[in-house]
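The values are calculated or read from the model by the stated rules, or taken from the named source; none is laboratory data. Because the structure is a prediction, the values reported are computed rather than measured. Cβ sites come from the backbone with ideal geometry, for glycine too, and all protein chains shown count toward neighbours. Please note that ligands, DNA and RNA were not included when accessible areas were found on the heavy atoms of the full protein model with its side chains. Shrake-Rupley method; radii C 1.70, N 1.55, O 1.52, S 1.80 Å.
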Amino acid sequence: MALATIPGYPRIGKRRELKRALEGYWSGKRGAVELDEVAAKVRQANWQAQVAAGLDLVPVNEFSLYDGMLDITALAGAVPPRFGWNGDAVDHDLLFAMARGKLGDPPAQALDMTKWFDTNYHYLVPELSPEQTFRLAGDKPFAELAEAQALGVPAKPVLIGPITYLLLGRMHDGGGSPLALLDALLPVYVEVIQRLAAGGAGWIQLDEPALVLDRTAEELAAVSRAYATLGEAKGAAKLLVQTAFGHVGEAYPTLAALPVDGIGLDLSGRGRENLALIARHGFPGEKWLAAGVVDGRNIWTNDLTASLELLRRVQEQVPGERLMVSASCSLLHVPYDVRAEDDLPAEIVPWLAFAEQKLAEVVTLTRALNEGEAAVADALAANRAVIAGAESSPLRGNAAVRQRLADLPLDAAHRALPYAERANLQRRRLTLPLLPTTTIGSFPQTGEIRTARAAADAGDLAPEAYDTFLEGQIAEVIARQEAVGLDVLVHGEPERNDMVQYFGEQLDGFAFTHNGWVQSYGSRCVRPPIIYGDVARPHPMTVRWARFAQDQTAKPVKGMLTGPVTILNWSFVRDDQPREASCRQIALAIRDEVADLDAAGIAIIQIDEPALREGLPLRHAEQADYLRWSVECFRLAAAGARPETQIQTHMCYSEFGEIFPDIEALDADVLLIEHARSGEELLEVFRTEGYAKGIGPGVYDVHSPRIPDVPELSQALRAILTVLPPGQVWVNPDCGLKTRKPEEVWPALENMVAAAKEVRKWVPVMTPAD
């Protein structure tokens, strides 16, 4: 009999219970016992939903208070020395110190945070050194297995595998490959697997999504060595090596030969090449295949008939008694339940499948294999009707948008003048000092702002009264920035619920949820928009607030926009046309907004693209095409500005080396980047490659509550100036300030401005024109 399972499940709670418990703990309003009670309730509700749906194997231990990679760091005792670990079990405070930074004397900077493959989820990067030691320093996997077993859950413990953990880590103190630490780490995994097996685990899942990246022969040899050791440790338990997010390519023969009991492969659109690999190389007869035929990344209803046809093809290589029907990856990346939504357009609701609906899809497909399609005939017929209705719906198309794109001139994605000429015009217009100071855009979303927005959304605050409230907030934040001494100001974005949602709500072709929350990192949750049709801008979106803000000051105030690639990558995107087509439609809408801001007299327009790199395909062979159209879409949007109007962009969590020519090709006048957690190696590429435009490396980490002092910021800025010439450098935080508290933001900005003034005296005397 085929088995129904999934690799993982959302963990924030259907009503974001975990988010509230975490933030209550961090603020001191909740204790550790209360936090643990809430976490247990969320876990148990997740398990109950999966058991009720009919899963045969339910993942456990993929639940995390913050991040699964951080959990392995804690479990394996890989705590960096600056956190002062005493060697005991890693408790909540130490775990969160690694995630968020540590206050006190001495303070400690948080671990670096970056995107998990090409998803919108973030993980904490392990900090490793050549002398790194590991030892079992916690009992989380064993405790959660016992907890699930006590509730009668058919538990499948889940761990991030040792290869992925090391390959996604970062070596310090001499560098080298993190895989050099494999032999030191494996004893911890051996002990964990042995204890899980002794505790009654029938299956143990080791997540190795790093195997869908381009891998060298040396790395694949390390995979073989690692699992030879782990295969001997499993005892009566079965090991499942789970991949995700694409095809495994050259790693397939290595995977197939491992002494494990099962392999999990993505067989959705991103990983369809895995089926060809199975056909080409065969599948080992003694192993199970966890066939990821339900897309775990997107929210569109699965075409069950097509998936059954795919599974029948799989059965030509893998007998049904060794087949698991599964999702392509953890359902962490989708919301909980579409039935919680009551405001979505009625026609598109059947097109959608969130986590609970995906459970039903997995179980339906499994029943069809085990009992025959007649057993699920009604479900299959209803599904075929939904698929056909979506394909023919008039909601999908906008002929005017398509015609306008077809009619664009060949130079539509080019600014009117080259950078050098634009820079001279912008310099004369702006008259900024050396090392100009600014922020990335957002200021704290206080309780007062959230309350007013909720009242306006509910109709309890009249639109005129809400506008007056927003004007007051903007005027206040402009005045505070002037008092601090910033050179280029922002309006603070009090009117925006989210940097993508705000724009999507004003564009045709988008739909939005009330409860469709997805974890981004820690307690940070987002509600990705749903792009279901062609995108168009029916009216200006930001001009009213930008013009009001500029009227409050003589200093330049930036117009703030989210770029087309980020809107695309941070949305659930329609799957009935290429992503490039949707991105070009969004770019056209942003282009119109740029032109309107420019006409309103806004001298600097920032088009944020923090998600440009994260959309990069995982395989190098597939990246050039993505970079071609994503760069073109940014340029198409930016080219709506006149030459004398400065275009800035912001990027974070980006390793720029491999895509440097494409960053240059964006042709933005100023690039503001995440830097504080990344080290000077991030900037070295800009120096060695000869980047000539403005660049603002973040001088402090906004994801930590720490307030850096003036000497620390001065030192950071001086370090930047050892790599970049002063005439290029802007001074700014790493990212937006939305999630920080006002009492953290204003002192930090005061110190940042003071540091910039101090360093201006230190650098050689020059003018910005130099």
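Does residue 65 qualify as being free of Cβ contacts under 8 Å to residues at least 40 places away in the same chain and of a type outside the set (S, T, N, Q)?
Judged against the criteria, residue 65 is not a match.
Can you list residue pairs whose Cβ atoms sit under 8 Å apart, with the first residue in the range 425-443 being more than 25 Å from residue 476 (Cα to Cα) and the second being part of a loop (DSSP other than H, G, I, E, B) and among the small types (Gly, Ala, Ser)? Count only pairs 6 or more apart in sequence or on different chains.
426/603; 427/769; 429/603
Test residue 321 against the criterion of being touching a residue at least 40 places away in the same chain (Cβ under 8 Å), over 24 Å from residue 517 (Cα atoms) and not aromatic (Phe, Trp, Tyr), and give yes or no.
The answer is yes for residue 321.
May I ask you to list pairs of residues, at least six apart or on different chains, whose Cβ atoms are under 8 Å apart, with the first in the range 613-642 being without any contact (Cβ under 8 Å) to a residue 60 or more places away in the chain and of a type in the set (A, V, I, L, M) and the second being open to solvent by 10 Å² or more (accessible area, probe 1.4 Å) and in a helix (DSSP H, G or I)?
As it stands, the answer is 627/662; 631/662; 631/665, since those pairs meet every condition given.
Let me confirm something: among 467, 487, which residue is of a type in the set (Asp, Glu), in contact with a strand residue (DSSP E or B) (Cβ under 6 Å, 6 or more places away or on another chain) and surrounded by 14 or more Cβ atoms within 10 Å (Cβ to Cβ)?
Values: 467 fails: in contact with a strand residue (DSSP E or B) (Cβ under 6 Å, 6 or more places away or on another chain).
Result of the check over 467, 487: 487.
Please name all residue pairs, on different chains or six or more residues apart, with Cβ atoms under 7 Å, provided the first residue is in the range 457-481 and is closer than 25 Å to residue 512 by Cβ and the second residue is surrounded by fewer than 17 Cβ atoms within 10 Å (Cβ to Cβ).
Within 7 Å, the pairs are 461/455.
Does the range 274-285 contain any residue that is of a type in the set (Lys, Arg) and not in a helix (DSSP H, G or I)?
No, the range 274-285 contains no residue that is of a type in the set (Lys, Arg) and not in a helix (DSSP H, G or I).
Please go through (1) in a strand (DSSP E or B); (2) touching an Asp or Glu at 6+ places or on another chain (Cβ under 9 Å) for residue 263 and return the number of the only condition it doesn't satisfy.
(2)
Hand me the list of helices (runs of 4 or more DSSP H) wholly inside the range 124-202 holding 2 or more residues that are free of Cβ contacts under 8 Å to residues at least 24 places away in the same chain. Outline the logic, then answer.
Values: elements: 140-150, 162-167, 182-198.
Where helices (runs of 4 or more DSSP H) fall fully within the range 124-202 and carry at least 2 residues being free of Cβ contacts under 8 Å to residues at least 24 places away in the same chain, they are 140-150.
If you go through the range 441-458 one residue at a time, how many are closer than 12 Å to residue 495 by Cα and surrounded by 18 or more Cβ atoms within 10 Å (Cβ to Cβ)?
Of the residues in that region, 8 qualify.
Is the range 567-589 home to any residue that is open to solvent by 30 Å² or more (accessible area, probe 1.4 Å), over 18 Å from residue 118 (Cα atoms), modelled with pLDDT of 95 or more and touching a Pro at 6+ places or on another chain (Cβ under 9 Å)?
Yes, that holds for at least one residue.
Looking for whichever is farther than 23 Å from residue 180 by Cα and in a loop (DSSP other than H, G, I, E, B) here; the options are 88, 93. Which one fits?
Working: 93 fails: in a loop (DSSP other than H, G, I, E, B).
Exactly one residue qualifies, and that residue is 88.
The conditions are (1) farther than 30 Å from residue 618 by Cα; (2) open to solvent by less than 60 Å² (accessible area, probe 1.4 Å), and residue 191 fails exactly one of them. Which is it?
(2)
Determine which member of the set 349, 334, 338 is under 30 Å from residue 458 (Cβ atoms), open to solvent by 20 Å² or more (accessible area, probe 1.4 Å) and of a type in the set (Val, Ile, Thr).
Just a single option satisfies the conditions, and that option is 349.
May I ask you to list the residues in the range 236-269 that are open to solvent by 10 Å² or more (accessible area, probe 1.4 Å), small (Gly, Ala, Ser) and under 15 Å from residue 226 (Cα atoms)?
Correct list: 256, 257.
Looking at the range 692-712, can you tell me whether even one residue there is hydroxyl-bearing (Ser, Thr, Tyr) and more than 30 Å from residue 27 (Cβ to Cβ)?
no
A quick yes/no check of all residues on (1) touching a helix residue (DSSP H, G or I) at 6+ places or on another chain (Cβ under 7 Å); (2) at negative phi; (3) modelled with pLDDT under 95; (4) in a helix (DSSP H, G or I):
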| position | (1), (2), (3), (4) |
| --- | --- |
| 309 | no, yes, no, yes |
| 312 | no, yes, no, yes |
| 317 | yes, yes, yes, no |
| 321 | no, yes, yes, yes |
| 325 | yes, yes, no, no |
| 329 | no, yes, no, no |
| 332 | no, yes, no, yes |
| 342 | no, yes, yes, no |
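Does the range 288-306 hold any residues that are without any contact (Cβ under 8 Å) to a residue 60 or more places away in the chain, small (Gly, Ala, Ser) and either part of a strand (DSSP E or B) or touching a Phe, Trp or Tyr at 6+ places or on another chain (Cβ under 9 Å) (or both), and which are they?
291
Between 435, 461, which is open to solvent by less than 10 Å² (accessible area, probe 1.4 Å) and part of a loop (DSSP other than H, G, I, E, B)?
On the way: 461 fails: open to solvent by less than 10 Å² (accessible area, probe 1.4 Å).
435 is the lone residue from the list that is open to solvent by less than 10 Å² (accessible area, probe 1.4 Å) and part of a loop (DSSP other than H, G, I, E, B).
Can you tell me how many residues in the range 632-651 are open to solvent by 10 Å² or more (accessible area, probe 1.4 Å) and either closer than 29 Å to residue 521 by Cα or among the polar types (S, T, N, Q) (or both)?
Summing the residues that are open to solvent by 10 Å² or more (accessible area, probe 1.4 Å) and either closer than 29 Å to residue 521 by Cα or among the polar types (S, T, N, Q) (or both) in the range 632-651 gives 1.
Output the residues belonging to the range 283-315 that are open to solvent by 20 Å² or more (accessible area, probe 1.4 Å) and among the small types (Gly, Ala, Ser).
Hits for the range 283-315 are 285, 306.
Would it be correct to say that residue 325 is more than 23 Å from the chain's Cα centre (by Cα) and β-branched (Val, Ile, Thr)?
So residue 325 passes the test.
Name the residue that is nearest to residue 693 (Cα to Cα), counting only residues in the range 619-631 that are modelled with pLDDT under 95 and open to solvent by less than 30 Å² (accessible area, probe 1.4 Å).
So, considering only residues that are modelled with pLDDT under 95 and open to solvent by less than 30 Å² (accessible area, probe 1.4 Å), the one nearest to residue 693 (Cα to Cα) is 623.
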